Amino acid sequence: MSTNPQPCQEGARPLSPAEILLLDPATRACLWRSLIESLEEYVEGLRRRPIARPAPAEQVRAYVRGLDFERPVDPLETLRFVLEGFDRFHVHNAHPRYLGLFVPASSTMGVAADALAAAFNPVLAAWRLSPFAVEVERHLIARVAARFGFDPETSEGCFTCGGSEANHTALLVALSRAFPRWRSGGLRDLPGRPALYVSAEGHHSIAKAAVLCGLGAGAARPVAVDAELRLDAAALRRAIASDRAAGELPFLIVATAGTTSAGAVDPLAPLAEIARQEDLWLHADAAWGGAGVLLPELREAFAGIESADSITFDPHKWLSVPMAAGMFLTRHAGLLERTFQVDGPYMPPARGAGAPVDFYRSSMTWARRFTGLKLLMTLAVAGWRGYESIVRHQVVLGARLRERLAEAGFLVVNRTPLPVVCFVDALEGLADGALEEVAGRVVSEGRAWISTTRIGPLGSLVLRGAITSFHTTSEDVDAVVGTLADARRAVALARAGGRFRGPPARAADKEE
Ligand SMILES: *Cc1c(COP(=O)(O)O)cnc(C)c1O
């Protein structure tokens, strides 16, 4: 980063406690100015910078250890240290040619909101402590719930640090609904072992949540998927029946609305029907794909999500709100409080009938950042219409990516309306190692970013590209495909040549 803020403060005299942390007015003014200039410079220069540079762990550690905390450092010097760290050792996921996991560019209003949230520092635990902040989040929970087809009047929810915490919340709520004795007596008070069902393509946070709930990872049963990588309803019915026959206690079905690897949307309406018949909770993990409900043309893919009992949705994914912003939503009022209620002498007493429930009694956390503010400020300025146009633009770019890849001799192997494309090499049929090499070559040049993942019953390795940055244009998509085609050709040539020259020079390979 070319930014090199000049120190604004000279000399040393004893500082008051406030000056140590708040800094003096002149230094603050200088810091704010420098900070804002640096942010602006970053955004303006994003397209021209490499997405990532090599960052050997030893170099990064040595750089970070440059701060030893024995000697106070000038505020501007500290800012410079951090900017340089990001400059040298960071994957710039906001870059228009970053087609990796869902870590979008940050909305400007979201960045401003995060600064405001930090400055006012409300604690979201109780209404009485932060009436504005709590009502903002309640308003957002109702409006987002409505977009998913829930009744905003009776829906409840909470902001979380992401989809993982929201999924964990879903497991806890489903447990407390299915087993009223669990809250006081724990799992050993139950007449059997609870079981839940999630597609084999589902997110790993479900198994992790099962561990965190004390159920054990094995309680999360991976259910087979169909040819389009969607949870197979017939296999689900069989799994539930065989668990019941064995004395296990099914309590939850997790439908994934937009799988992380391949964007598969499970058949939500049939799963809702099974959940109703079997008296199980249906949770829709729509962490990323959920924004698809904003588009009428995707309504069919998400049909039935309004019948889910609860939903995970991450504004920090497709809505481009800075991390960490997740949401848990449920259309059943009262269950969050039944799950999380606690009392303590230093906590505000439970409020009267009709008053909103304090978040500390209806979520996992006590002190928590004002996460909703970045969604509020971004949504206020973009409006739902603005978001619809962004999501539509990215869906169209996803389709373009699919077409360009096919033209360039790649075989697209996933089917989804969402902008994530899994593909392999159609002509050479390059083996797994070669696909990793292709991805590695693309990434190492810093001009584009794609990843690999494994999908399907055989866990087949594929290349994966997703449209996640609102900076991405159709030219960027074409350029990334060009970079991929070059990388594929280079890898294929090196491999073909290698067959005549004997084994490749391993040591040289490693150095790259
Ligand atoms: C990203 C993702 C999660 C996890 O969300 P975090 O915000 O990263 O905790 C869960 N489920 C799905 C389907 C996801 O794509």
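The values are calculated or read from the model by the stated rules, or taken from the named source; none is laboratory data. Since we're looking at a predicted model, the values are computed, not measured. Virtual Cβ from ideal backbone geometry, glycine too; neighbours counted across all protein chains shown. All accessible areas refer to the heavy atoms of the entire protein, side chains included, with ligands and DNA or RNA removed. Shrake-Rupley method; radii C 1.70, N 1.55, O 1.52, S 1.80 Å.
Once the cut-off is 23 Å, how many percent of the Cα-Cα pairs in the stretch 83-180 end up in the long-distance tail?
48
Take the alpha carbon atoms of the chain, find their radius of gyration, then divide it by 2.2 N^0.38 Å using N residues; give the quotient.
In units of the globular-protein estimate, the chain measures up at 1.07.
Put a dot 7 Å past each Cα toward the Cβ at SER444 and HIS139; how far apart are the dots in nm?
Each label point is offset 7 Å from its Cα along the Cβ direction, giving 5.2 nm.
Could you tell me what percent of the DSSP beta bridges with both partners in the stretch 241-351 are antiparallel, to the nearest 5?
40
Looking only at Cα atoms, what is the convex hull volume of the stretch 180-322 per residue, in Å³?
Per-residue hull volume (Cα only) is 117 Å³.
Give me the dipole magnitude in Debye, nearest 20, for the chain about the Cα centre, with unit charges on the beta carbon: positive for Lys and Arg, negative for Asp and Glu.
Taking the Cα centre of the chain as origin, the dipole is about 520 debye.
For the stretch 397-469, what is the convex hull volume of its Cα atoms per residue in Å³?
Output value, Cα hull per residue: 93 Å³.
What percentages, rounded to whole numbers, describe P(r) for the stretch 97-150 computed over all alpha carbon pairs with 5 Å bin width beginning at zero?
4, 15, 14, 18, 20, 15, 8, 3, 1, 0
Rg/Rh for the stretch 227-291: what does it come to with C-alpha atoms and Rh from Kirkwood?
Working: Rg = 12.3 Å, Rh = 12.3 Å.
That ratio is 1.00, to two decimals.
For GLU297 and LEU493, what is the calculated FRET efficiency with R₀ set at 51 Å and r taken between the beta-carbons, to the nearest 0.05? Spell out each step's value before the answer.
On the way: r = 42 Å, r/R0 = 0.82.
That pair, GLU297 with LEU493, gives E of 0.75.
Extension gain ALA227-ALA112, at 0.36 nm per residue separation less the Cα-Cα distance, in nm?
Numbers: separation 115, 0.36 × 115 = 41.40 nm, distance 4.41 nm.
37.0 nm is the gain from fully extending ALA227 to ALA112.
Please find the FRET efficiency linking ARG33 to ALA333, where r is the Cβ-Cβ separation and R0 is fixed at 35 Å, and quote it to the nearest 0.05.
Given R0 = 35 Å and the Cβ-Cβ separation, E is 0.15.
Figure the gain on full extension for LEU411 and ASP189 (residue separation times 0.36 nm, minus the Cα-Cα span) and round it to one decimal in nm.
Net length gain for the segment: 74.7 nm.
Identify, among SER34, PHE313, THR468, the residue whose Cα sits farthest towards the positive end of the charge dipole of the chain, taking +1 on the Cβ of Lys and Arg and -1 on the Cβ of Asp and Glu, with the dipole about the Cα centre.
With unit charges placed on the Cβ atoms, the residue in question is PHE313.
What is the magnitude of the charge dipole of the stretch 293-391 about its Cα centre, with +1 placed on the Cβ of each Lys and Arg, -1 on the Cβ of each Asp and Glu, and no other charges, expressed in debye to the nearest 20?
On the way: 10 positive and 9 negative charges, 65 e Å.
With Lys and Arg at +1 and Asp and Glu at -1, about 320 debye.
Can you grab the distance from the C-alpha centre of the stretch 254-273 to the C-alpha centre of the stretch 425-470, Å, no decimals?
Result: 24 Å between the Cα centres.
Which value results for Rg/Rh of the stretch 155-257 when Rg is the Cα radius of gyration and Rh the Kirkwood radius based on the inverse mean 1/r?
My calculation of the ratio gives 0.97.
If I stretch the segment between ALA269 and ALA246 completely, what's the gain in nm (0.36 nm per residue apart, minus their alpha carbon distance), one decimal?
On the way: separation 23, 0.36 × 23 = 8.28 nm, distance 2.74 nm.
Difference between extended and current length: 5.5 nm.
Rounded to the nearest 5, what % of the DSSP beta bridges within the chain are antiparallel ones?
55
As an exercise, use a Förster radius of 45 Å and the Cβ-Cβ distance of ARG147 and PHE500 to find the FRET efficiency, rounded to the nearest 0.05.
On the way: r = 59 Å, r/R0 = 1.32.
It comes to 0.15.
Quick one: what do you get for the stretch 38-86 if you divide its Cα Rg by 2.2 N^0.38 Å? All intermediate terms of the calculation are to be shown ahead of the outcome.
Numbers: Rg = 13.2 Å, N = 49, 2.2 N^0.38 = 9.7 Å.
For the stretch 38-86, the normalised Cα radius of gyration comes out at 1.36.
Tell me the carbon and sulfur percent of the accessible area for the stretch 110-177, rounded to whole percent, probe radius 1.4 Å.
Carbon plus sulfur share of accessible area: 59 percent.
Per 5 Å bin, what is the whole-percent P(r) computed from every C-alpha pair distance within the stretch 24-158?
Using 5 Å bins, I get a P(r) of 2, 8, 11, 14, 15, 14, 13, 11, 8, 4, 1, 0 for the stretch 24-158.
Order the peptides 431-441, 384-394 from the highest to the lowest mean number of other Cβ atoms within 10 Å of their residues.
Descending mean neighbour count gives 431-441, 384-394.
Over the stretch 329-443, what per residue volume does the convex hull of the Cα atoms give, in whole Å³?
223
Treat each spin label as a single point 7 Å out from the Cα along the C-beta direction, and report the ARG238 to ALA399 distance in nm.
In this crude label model, ARG238 to ALA399 measures out at 3.6 nm.
Choose one of ALA284, ALA118, ILE253: the residue whose Cα lies farthest towards the positive end of the charge dipole of the chain (beta-carbon charges +1 Lys, Arg; -1 Asp, Glu; about the Cα centre).
ILE253
Could you list log10 I(q)/I(0) for the stretch 265-390 at q = 0.18, 0.21 Å⁻¹, which the Debye formula gives when each Cα is one point scatterer?
Log10 of I(q)/I(0), two decimals: -1.11, -1.25.
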